[in-house]
Amino acid sequence: MIKVHIGLKGSGKTPKLIEAVNSAIRVEKGNVVCITEGNRLMHDINRNARMINTESFDIKNLDMFEGLLCGIIAQDFDVTHIFVDSIFKSVPSADITQLETFITSLEKLEQKFDVSFTIMVSAEAKDAGPNLAKYID
């Protein structure tokens, strides 16, 4: 399953993410990962989620971010869900048009490793292309 929550800054994406991560911790049988830029969610997210701060890495583009996702999955085959808060903060060089191709990469990872993804995108939904739009929740 891939879900994309899209909206401009201040539209309530982060509270949705916090609720979704904490819910996943309660109901999923595998491990849950939350990727964010900075530590600001550390006290809001259940401590059983694996928190990854992208400030620790020098992620230059979405290919590098995909590599990070692959590394997470390779390190722990029990990961069932990866949440990404504000992908444009973790990958500042990315834009909404590049997410069209990135979603295809997520689809492959989802199918091959049975991992769900929930991504928060700071943009207007009308700017999403067809690949991205089909996953907007």
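The values are calculated or read from the model by the stated rules, or taken from the named source; none is laboratory data. A quick note: this is a predicted structure, and the numbers were derived from the prediction, not measured. As a convention, Cβ positions derive from the backbone with ideal geometry for all residues, glycine included, and neighbour counts pool all protein chains shown. All accessible areas refer to the heavy atoms of the entire protein, side chains included, with ligands and DNA or RNA removed. Shrake-Rupley method; radii C 1.70, N 1.55, O 1.52, S 1.80 Å.
Identify the residue in region 27-42 that is charged (D, E, K, R) and over 17 Å from residue 1 (Cβ atoms) and, among all such residues, is least open to solvent (accessible area, probe 1.4 Å).
Residues of region 27-42 that are charged (D, E, K, R), as a first pass: 28-29, 37, 40.
Add one more test, that the residue is over 17 Å from residue 1 (Cβ atoms), and what stays is 37, 40.
Values: 37: 54, 40: 106 Å².
Among those that are charged (D, E, K, R) and over 17 Å from residue 1 (Cβ atoms), it is 37.
With 45, 6, 59 as the choices, which residue is open to solvent by less than 40 Å² (accessible area, probe 1.4 Å), in contact with a helix residue (DSSP H, G or I) (Cβ under 7 Å, 6 or more places away or on another chain), aliphatic (A, V, I, L, M) and within 19 Å of residue 135 (Cβ to Cβ)?
6
Output the qualifying pairs, or none if there are none: Cβ atoms under 7 angstrom, residues six or more apart or on different chains, first residue in region 75-95 and of a type in the set (A, V, I, L, M, F, W, C), second residue in a loop (DSSP other than H, G, I, E, B).
79/30; 79/115; 82/115; 87/94; 88/94; 91/59; 91/61; 94/61
Can you tell me which residue among 20, 24 is within 17 Å of residue 116 (Cβ to Cβ), among the hydrophobic types (A, V, I, L, M, F, W, C), crowded, with 18+ Cβ neighbours inside 10 Å and more than 12 Å from the chain's Cα centre (by Cα)? Explain how you work it out, then say what you get.
Values: 20 fails: more than 12 Å from the chain's Cα centre (by Cα).
One residue alone meets the criteria, 24.
Would you check which residues across region 123-137 are surrounded by 14 or more Cβ atoms within 10 Å (Cβ to Cβ) and in contact with a Lys or Arg (Cβ under 7 Å, 6 or more places away or on another chain) and list them?
135
When region 73-122 is examined, which residues are found to be under 14 Å from residue 35 (Cα atoms) and open to solvent by 50 Å² or more (accessible area, probe 1.4 Å)?
89
Within region 108-137, can you find the residues that are in contact with a strand residue (DSSP E or B) (Cβ under 7 Å, 6 or more places away or on another chain) and more than 24 Å from residue 12 (Cβ to Cβ)? Reasoning before the result, please.
First, pick out the residues of region 108-137 that are in contact with a strand residue (DSSP E or B) (Cβ under 7 Å, 6 or more places away or on another chain): 110, 115-121, 123, 125, 128, 132, 135-137.
Hits for region 108-137 are 110, 115.
Which condition from (1) of a type in the set (D, E, K, R); (2) farther than 30 Å from residue 126 by Cα; (3) touching a helix residue (DSSP H, G or I) at 6+ places or on another chain (Cβ under 6 Å) is the one that residue 37 breaks?
(2)
Check 9, 13 and return the single one that is among the charged types (D, E, K, R), more than 15 Å from the chain's Cα centre (by Cα), closer than 18 Å to residue 123 by Cβ and at pLDDT below 90.
Details: 13 fails: more than 15 Å from the chain's Cα centre (by Cα).
After applying the criteria, what remains is 9.
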